[in-house]
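Shown next, in structure tokens, is the structure this report addresses.
The values are calculated or read from the model by the stated rules, or taken from the named source; none is laboratory data. Note that the structure is a prediction, hence the values are computed from the model and not measured. Using ideal geometry, Cβ is built from the backbone for each residue, glycine included, and neighbour counts are taken over all protein chains shown.
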Amino acid sequence: MVVTTVRQPDPIQTACVTVLFADLRGYTGMVERLPAARVVPLLDEFFRVLGGAANKFGGQVYHMAGDGIMAGFGVKPQSGDGAGKALAAGHAMLAGFMPVAKRWRRELSIDAGIGIGLHLGEVAFGLLGPPKRKTTTLVGDTVNVAARLCSRARAGEVLFSCTVAAALRDSPSSDGNARFSSFLQLPQFELRGRRGPIDIWCVPAPDRVTL
């Protein structure tokens, strides 16, 4: 008789997190025009700007792929105001990428920008991937909503949901870098494949690139 020990799976952890998605607008045209080897350092520069902004405001990057990034804020209870920090990080991403985009336009004749989406809600931490390549990521409706808001955001724009807006109202001065003079409420947004529209807000872009 052979006795084997079956390892019980680790319990799945959940938390209330502000999820940020950001992606590069103009990427499709960029990779069409440039050799693949030339695109690599440009993407590396793009991810350095976004990853640096996320880390500066206490965010944790969970996914980088293609031309986009996903980060979580307020993952740890002691990390404070996740919504304010996520919004501050989004603002820093836009500000940090602006000189990069200007240089790309000047040197490579490429128009590029960033669209950002934020949503606050419960997520599960999933260890996913093939054997020996598993990584921790965020799973749940909160992630999907943030991704959809990002896809709708225009270049230079931050869109965020009603849950983020409510958290910002509850702690308007939680982070000095997250203070903005005004938010603009937009018409309700219907997310593809999701029941019912949601209320959304935006931080109006001072400069917007048409892509």
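Worth pointing out:
Okay, residues lined up against (1) modelled with pLDDT of 90 or more; (2) in contact with a helix residue (DSSP H, G or I) (Cβ under 7 Å, 6 or more places away or on another chain); (3) on the phi < 0 side of the Ramachandran plot:
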residue	(1), (2), (3)
Val39	yes, yes, yes
Leu43	yes, no, yes
Val49	yes, yes, yes
Lys56	yes, yes, yes
Val61	yes, yes, yes
Met64	no, yes, yes
Asp67	no, yes, yes
Gly72	yes, no, yes
Ala88	yes, yes, yes
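- Of the strands (runs of 3 or more DSSP E) lying entirely inside region 152-206, those containing at least 2 residues that are closer than 19 Å to Val19 by Cα, of a type in the set (A, V, I, L, M) and modelled with pLDDT of 75 or more span 157-161, 198-203.
- Among the criteria (1) among the aromatic types (Phe, Trp, Tyr); (2) surrounded by fewer than 24 Cβ atoms within 10 Å (Cβ to Cβ); (3) out of contact with any Asp or Glu (no Cβ under 6 Å at 6 or more places or on another chain), the one Phe21 does not fulfil is (2).
- The set of residues in region 84-123 that are assigned to a helix (DSSP H, G or I) and within 14 Å of the chain's Cα centre (by Cα) comprises Gly84, Lys85, Ala86, Leu87, Ala88, Ala89, Gly90, His91, Ala92, Met93, Leu94.
- Across region 1-27, the qualifying residues are those that are hydroxyl-bearing (Ser, Thr, Tyr) and at pLDDT below 90, and the one among them that is farthest from the chain's Cα centre (by Cα) is Thr4.
- The residue that is nearest to Leu43 (Cα to Cα), among those in region 117-147 that are hydrophobic (A, V, I, L, M, F, W, C) and touching a His at 6+ places or on another chain (Cβ under 9 Å), is Ala147.
- Count - residues of region 67-96 that are surrounded by fewer than 20 Cβ atoms within 10 Å (Cβ to Cβ), of a type in the set (Gly, Ala, Ser) and in contact (Cβ under 8 Å) with a residue 40 or more places away in the chain: 3
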